[in-house]
Amino acid sequence: MTWAGNWASDPPLPPALVLDGQRQPAAAAVDEVAPLELRAIHAAYGGIEVLHGIDLTVRAGAVVALLGANGAGKSTTVKVASGLLAPSGGSVLVGGHDVTGAASYDLARIGVCTIPEGRGVFPNLTVRENLWMATQVRGDLAELEEAAYARFPKLGERRTQLAGTLSGGEQQMLALCRALVTDPAVLLLDELSMGLAPIVVQQLYEIVAQVAREGISILVVEQFAQAVLGIADRAAIMVNGEIARVGTPAEMQSELSSAYLGG
């Protein structure tokens with residue numbers, strides 16, 4: 001089934017994310033309705049299939065780690081979930097609604113936010129201007145700055161600095177701040193640790209864990225398993241475009257020696 005809705009005005013919100021007519025954080029959603037679910041997803045590039053029937057569920061307020069070596073299909077899975085790539089088969093559900101084929105901007109409007117591989121900031125704008133751009137979606141700049149600088153004091157020190165001149169870790173901090181201002185129900189993170197020092201990665205994932213405790217559901221794509229397993233509630237291992245194993249982080253530890261996951 002392909003999504004064929006019309007969201008020319010405000011889009012209809014998934015019922016699991018609505019309470020008394022108001023949009024709620026994922027933690028307030030009906031327990032049995034997952035904020036994000038992929039069912040039997042197939043996807044292809046140029047006629048070559050790269051995903052072969054992916055089933056994956058992200059529950060309310062949970063962190064799910066999607067692990068696997070380069071080329072396993074992790075980033076393609078995120079592209080499908082975020083609306084950047086239409087699946088060739090299967091269904092994408094948000095809050096129980098079938099949104100298969102919806103564009104990324106439509107999914108963003110109902111609470112699915114993505115931080116892509118390689119950062120998600122405007123390099124030629126200052127930190128403050130990047131945050132200002134985010135207020136075009138939702139929020140007040142003063143409130144956003146206060147929240148951003150409370151989470152990441154370094155950003156406050158660099159508020160007038162061009163984002164492109166920030167360190168890799170600082171750019172990821174800024175990308176997280178820009179994503180959170182949209183008040184997402186689902187946050188998709190693609191290779192958050194790429195090119196960053198281990199101590200910076202640890203700090204970023206501590207923030208991710210805090211965000212999940214606030215009720216946001218999070219899918220994290222990560223090649224380096226040990227970087228994310230410490231904060232994950234569930235983990236899935238991808239091999240050659242398929243989910244090979246799903247379980248708790250403790251259960252996944254025994255699988256790491258049989259597949260290269262960088263951990």
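For the range 84-97, give me each residue that is assigned to a loop (DSSP other than H, G, I, E, B) and buried (at least 22 other Cβ atoms within 10 Å of the Cβ).
Quick first cut of the range 84-97, residues assigned to a loop (DSSP other than H, G, I, E, B) only: 84-88, 95-96.
Those that are assigned to a loop (DSSP other than H, G, I, E, B) and buried (at least 22 other Cβ atoms within 10 Å of the Cβ): P87, G95.
Are any residues in the range 181-199 surrounded by 18 or more Cβ atoms within 10 Å (Cβ to Cβ) and free of Cβ contacts under 8 Å to residues at least 40 places away in the same chain, and if so, which ones?
Answer for the range 181-199, where residues must be surrounded by 18 or more Cβ atoms within 10 Å (Cβ to Cβ) and free of Cβ contacts under 8 Å to residues at least 40 places away in the same chain: S193, L196.
I'm checking my understanding of the structure. Among residues of the range 98-107 that are surrounded by 19 or more Cβ atoms within 10 Å (Cβ to Cβ) and touching a helix residue (DSSP H, G or I) at 6+ places or on another chain (Cβ under 8 Å), which one is farthest from R159 (Cα to Cα)? Let's see the steps before the verdict.
If we filter the range 98-107 for residues that are surrounded by 19 or more Cβ atoms within 10 Å (Cβ to Cβ), which is where we start, we get 99-100, 102, 107.
If we keep only those that are touching a helix residue (DSSP H, G or I) at 6+ places or on another chain (Cβ under 8 Å) as well, we get 99, 107.
Working: V99: 37, L107: 29 Å.
The residue in question is V99.
Can you list the helices (runs of 4 or more DSSP H) found entirely within the range 104-206 that contain at least 2 residues being in contact with a Gly (Cβ under 6 Å, 6 or more places away or on another chain) and either closer than 20 Å to V63 by Cβ or among the polar types (S, T, N, Q) (or both)? Outline the logic, then answer.
Details: elements: 104-109, 127-134, 141-151, 153-157, 168-180.
It comes to 104-109.
Quickly run through the range 214-246 and pick out the residues that are crowded, with 23+ Cβ neighbours inside 10 Å, of a type outside the set (V, I, T) and under 16 Å from K79 (Cα atoms).
Within the range 214-246, L219, E222, M238 qualify.
Test of understanding: among I207, I115, which residue is within 25 Å of V78 (Cβ to Cβ) and touching a Lys or Arg at 6+ places or on another chain (Cβ under 7 Å)? Write out each step before concluding.
On the way: I115 fails: touching a Lys or Arg at 6+ places or on another chain (Cβ under 7 Å).
None of the others qualify; the one that does is I207.
Here are some conditions: (1) at pLDDT below 90; (2) assigned to a loop (DSSP other than H, G, I, E, B). G215 meets all but one. Which one does it not meet?
(1)
Being at pLDDT 95 or above, in contact with a Lys or Arg (Cβ under 6 Å, 6 or more places away or on another chain) and under 27 Å from I231 (Cα atoms) is true for just one of V94, V64. Which residue is that? Steps first, answer last, please.
Numbers: V94 fails: in contact with a Lys or Arg (Cβ under 6 Å, 6 or more places away or on another chain).
The match here is V64.
When you go through I237, I243 one by one, which is the residue that is modelled with pLDDT of 95 or more and in a strand (DSSP E or B)? Write out each step before concluding.
On the way: I237 fails: modelled with pLDDT of 95 or more.
Criteria check complete, one pass: I243.
The values are calculated or read from the model by the stated rules, or taken from the named source; none is laboratory data. In this text, all values refer to a predicted model and were calculated from it rather than measured experimentally. Heads up, the Cβs are rebuilt from the backbone with ideal geometry, glycines too, and the neighbour counts pull from every protein chain shown.
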